[in-house]
C-alpha cells in the first residue's frame with residue numbers, strides 16, 4: 001500500500017555504461033537538493049518531499065546502485081564508489097553545487113561525497129545516520145555484516161521487510177504507514193542490499209564526518225532504534241558548527257512519518273545563501 005502524493009516519474013541516465021534511475025521535481029534554476037535513501041528505500045520513498053519542496057529546490061532522488069531501476073556497482077564498493085556514481089549522475093544532469101541528504105546508510109555516501117567534492121557541497125544533512133561498523137573489532141564487524149545480510153537472504157526481501165520494517169517506525173504508526181514502509185523495504189534486491197551493507201564494514205561515520213568542510217545538520221527521530229537521538233546529538237557536538245534536530249514522534253523514517261517537520265528541517269538546513 002502506498003499513501004501520499006505520487007512521486008515524479010522515474011528516469012534513467014547512463015553513467016559509464018551503467019544505468020542510474022532517478023526522479024526529480026522543481027525548476028532546474030533552483031538550488032539542487034539530492035535525496036539519498038537507505039537500505040530499505042528507493043527514489044519513490046521521497047514522495048512527500050518532491051512536491052512540497054519543489055518551489056524552493058530542484059529536488060533529485062536516486063535509486064541507489066542495485067536498487068530500483070539502477071544497475072549495481074561492480075566488486076565490493078565502498079562509500080567513495082557510491083559517491084562517485086552520485087557525482088556521475090549529477091554531471092549527467094548538469095548539476096554543479098548540491099545539498100545532499102543522506103538517510104540511514106546513505107549518510108555514509110553523502111559524507112563521502114561532501115569530503116571528496118567540497119566545492120560541490122553547499123551543506124550536508126545526515127538523516128537518521130547509520131555509523132558503520134568500522135570502529136568495531138574485526139570479528140564484530142564481520143558478525144554485524146553477516147547478521148544483516150544473512151537475515152535478508154534467509155527471509156527474502158518480503159519476509160525481511162515484514163520482520164524488520166514495523167520496528168523501525170515510531171509507536172502508534174498507522175497501518176497505512178507500516179504497509180508503505182514494509183512495501184518499500186520489500187522492493188530491495190540482493191544485488192543492492194548486500195553490497196550496501198558490506199559498505200558499512202570498514203566505514204566509521206564518526207571518523208569521516210570531521211573531514212567534511214560543509215556545514216552539517218543532523219536529523220534524528222525521537223523513537224529511532226537504529227540512530228538514537230542521543231547518538232546523533234553526540235555526533236553533532238563533535239563537529240564544529242553542526243546542529244541537530246530531533247523530530248518527535250518519528251522512528252527511522254521521518255520523511256514519511258512526520259513529513260512536514262522533516263521538510264522544515266531540510267529547508268532550515270539549506271536555507272542560508274551559501275547553500276545554493
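Nothing in this text is a laboratory measurement; each read-out follows from the coordinates by a stated rule. Keep in mind that what you see is a predicted model, and the values were worked out from it rather than measured. Positions of Cβ are backbone-derived with ideal geometry, glycine not excepted, and every protein chain shown enters the neighbour counts.
Here the range 181-190 is the region considered, the condition is being within 23 Å of residue 228 (Cβ to Cβ) and in contact (Cβ under 8 Å) with a residue 40 or more places away in the chain, and the residue that is surrounded by the fewest Cβ atoms within 10 Å (Cβ to Cβ) is 184.
Would you check if there is a residue in the range 51-63 being farther than 17 Å from residue 8 by Cβ, in contact with a helix residue (DSSP H, G or I) (Cβ under 7 Å, 6 or more places away or on another chain), in contact (Cβ under 8 Å) with a residue 12 or more places away in the chain and surrounded by fewer than 22 Cβ atoms within 10 Å (Cβ to Cβ)? Spell out how you get there, then give the answer.
Start the filter on the range 51-63 by keeping residues that are farther than 17 Å from residue 8 by Cβ, which leaves none.
Looking through the range 51-63, none of the residues is farther than 17 Å from residue 8 by Cβ, in contact with a helix residue (DSSP H, G or I) (Cβ under 7 Å, 6 or more places away or on another chain), in contact (Cβ under 8 Å) with a residue 12 or more places away in the chain and surrounded by fewer than 22 Cβ atoms within 10 Å (Cβ to Cβ).
The set of residues in the range 2-25 that are in contact with a strand residue (DSSP E or B) (Cβ under 9 Å, 6 or more places away or on another chain) and not in a strand (DSSP E or B) comprises 7, 8, 9, 10. With respect to the conditions (1) surrounded by fewer than 22 Cβ atoms within 10 Å (Cβ to Cβ); (2) part of a helix (DSSP H, G or I), residue 77 falls short on a single one, namely (2).
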